[in-house]
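> One structure, pasted below without further comment.
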Amino acid sequence: MMIDSGSLPPLNTLRVFEAVARHLSFTQAAKELHVTQAAVSHQIKSLEDHLGIKLFSRIKRRVLMTEEAQMLLPAVISAFSSIQEALEVIREHDAEQTLTVSLTPQFASNWLSFRIGSFYKRHPDINLHLQISSQEPDFVYGKTDLGVYWGSGNWEGLQSERLMTLEYTPFCSPELLDQEQSLKHPLQLANYRLLHEFNYEKWKAWLRHAGADEVRFKRGSIFEDTNLLIHAAIDAKGVALCGLEMVQEHLESGRLIRLFDESILSQQGYYVVFPGEALERPLVSLFRDWLMEETLENPEEENMAETETMSKNSIMELA
């Protein structure tokens, strides 16, 4: 397929966009790229002018991604990963030092992107090719070495190891609480717009567990994408029910706040998936071990063993 190079923006503007989108901060992106904040703002403005769309908005000193930016980010991450892989081939890097990992967009954007830097620092000579896709990994024709996918752990002909269980609890922007009535008890959620991930079932299960069955759950907005759900919550569009592990960075930065102690666990979870013989390859085993280590270093994951003892009423099935 012939590419119309005239329609593509300069590569450096996309690099700056990815950094700003990941940090939701022009200042942090500038520090990472070793440029001034003014230079970052100039690159983003150039990209917005080229595309004819707005990518970021500022609300009370907070940087928010527009819906268009949220659609663009996974493609940019995947494209840069592909470029990196191609350059590595050109430079005749040892093929044994390249690892191809397939990841879902939700996991890549909301968990891995905040932690992958530690892997690069520890193993600078290993080349990672990150394939971002909602499709299950193709270990035969896709040359995938290892994948991280959501499910029950049953992939025919493949081995899997549970990486993490998601703990669902309500979150919202601190600004939402400034605009609306007080929210100190689950029953007061009746005064707020609910934001749903894929369907109404998660809110239904959580309200039942929290003793707030009388709150009507079939209302608000349904999002078919976890990234859109999270950014809608950051943008103070309502109260979202989301996996705690997927919003940890937003909690630490103060962009989101946890509202209640009550939570429910998914029966399904994220699994590391690979062919039976894959772990015989040192790189695959190394990356698998690093993933497991990162989940254990997460305070929320360290407590998961204790959380698993919650009553069966707190355990929910995710489609």
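Bear in mind that the values in this text are calculations on the coordinates, not laboratory data. Computed from a predicted structure; not experimentally measured. For neighbour counting, all protein chains shown are included, and Cβ atoms are generated from backbone atoms with ideal geometry for every residue, glycine included.
> With a cut-off of 18 Å, note down the residues of the range 119-138 whose backbone N falls inside the zone around a label point 7 Å from the Cα of Ser82 toward its beta carbon.
Answer for the range 119-138: 128-138.
> Roughly how big is the chain's charge dipole about its Cα centre, with Cβ charges of +1 (Lys, Arg) and -1 (Asp, Glu), in debye to the nearest 20?
Here the size comes out at about 1340 debye.
> Let me know the Rg and Dmax you get for the range 190-231 when you use only its Cα atoms, in Å.
10.3, 29
> Roughly speaking, what is the centre-to-centre gap between the range 5-32 and the range 210-264 when only Cα atoms are used, to the nearest Å?
One Cα centre to the other: 27 Å.
> Let me ask you something else. Counting only helical runs of four or more DSSP H residues, what would the 222 nm mean residue ellipticity of the chain come to if each run contributes -39,500 (n - 2.57) and the total is spread over all its residues?
-11500 deg cm²/dmol
> Please go through the residue pairs Lys54/Lys202; Lys204/Lys237; Lys31/Lys121 and name each one whose alpha carbons sit more than 22 Å apart in this structure.
The pairs that break the limit, which is 22 Å between Cα atoms, are Lys54/Lys202.
> How high is the FRET efficiency between Leu187 and Leu251 when r is their beta carbon distance and R₀ equals 25 Å, given to the nearest 0.05?
Calculated transfer efficiency: 0.60.
> Would you order Lys204, Lys121 from fewest to most other beta-carbon atoms within 10 Å of each residue's own beta-carbon?
Fewest to most other Cβ atoms nearby, the residues stand as Lys121, Lys204.
> I would also like to ask the following. Rounded to the nearest 20 Debye, what is the dipole magnitude of the range 167-265 about its Cα centre when Lys and Arg each give +1 and Asp and Glu each give -1 at the C-beta?
For the range 167-265, the charge dipole is close to 400 debye.
> Here's another thing I want to ask about it. Using the per-residue mean of other Cβ atoms lying within 10 Å as a proxy for protection, in what order, highest first, do the peptides 21-27, 52-58 fall?
My ranking of the peptides, most packed first, is 21-27, 52-58.
> Related question: Contact order normalised by length for the range 5-68, with contacts defined as Cα pairs under 8 Å and 6 or more residues apart; what percent is it?
For the range 5-68, the relative contact order is 30 percent.
> Right, something else. Between beta-carbons, use under 12 Å as the cut-off and find the net charge around Gly117, counting Lys and Arg +1, Asp and Glu -1.
Result for the local shell: +2.
> About the Cα centre of the range 24-181, how large is the charge dipole given +1 on each Lys and Arg Cβ and -1 on each Asp and Glu Cβ? Please answer in debye to the nearest 20.
720 debye
> Next question. Could you tell me which residue out of Tyr120, Tyr200, Thr104 lies farthest along the dipole of the range 101-208 toward its positive end? Charges go on the beta carbon: Lys and Arg +1, Asp and Glu -1, centred on the Cα centre.
Of Tyr120, Tyr200, Thr104, it is Tyr200.
> At 7 Å along Cα-to-Cβ for each site, give me the label-to-label distance between Thr66 and Gln267 in nm.
4.3 nm
> Under 8 Å for C-alpha pairs, at least 6 residues apart: give me the relative contact order for the chain, rounded to a whole percent.
Relative contact order comes out at 19 percent.
> Shape call for the range 5-68 from the C-alpha gyration tensor, a ≥ b ≥ c root eigenvalues: rounded (a/c under 1.5), prolate (a/b greater than b/c) or oblate?
It is oblate, given that a/c is not under 1.5 and a/b is not larger than b/c.
> While we're here: In a GNM of the chain with a 10 Å cut-off on Cα contacts, which of Gly238, Gly220, Gly157 has the highest mean-square fluctuation?
Gly157
> For Met71, Met164, which order do you get if you count the other beta carbons within 10 Å of each Cβ and list the fewest first?
Met71, Met164
> Out of His250, His123, His34, any idea which swings most in a Gaussian network model of the chain, alpha carbons joined below 10 Å?
His34
> List the lysines whose alpha-carbon lies under 20 Å from that of Lys143, not counting same-chain residues fewer than 8 positions away?
Lys143 reaches no qualifying lysines.
> A further question on this structure: Measuring from label point to label point, each 7 Å out along Cα→Cβ, what is the Tyr141 to Ile59 span in nm?
Once both label points are built, they end up 4.4 nm from each other.
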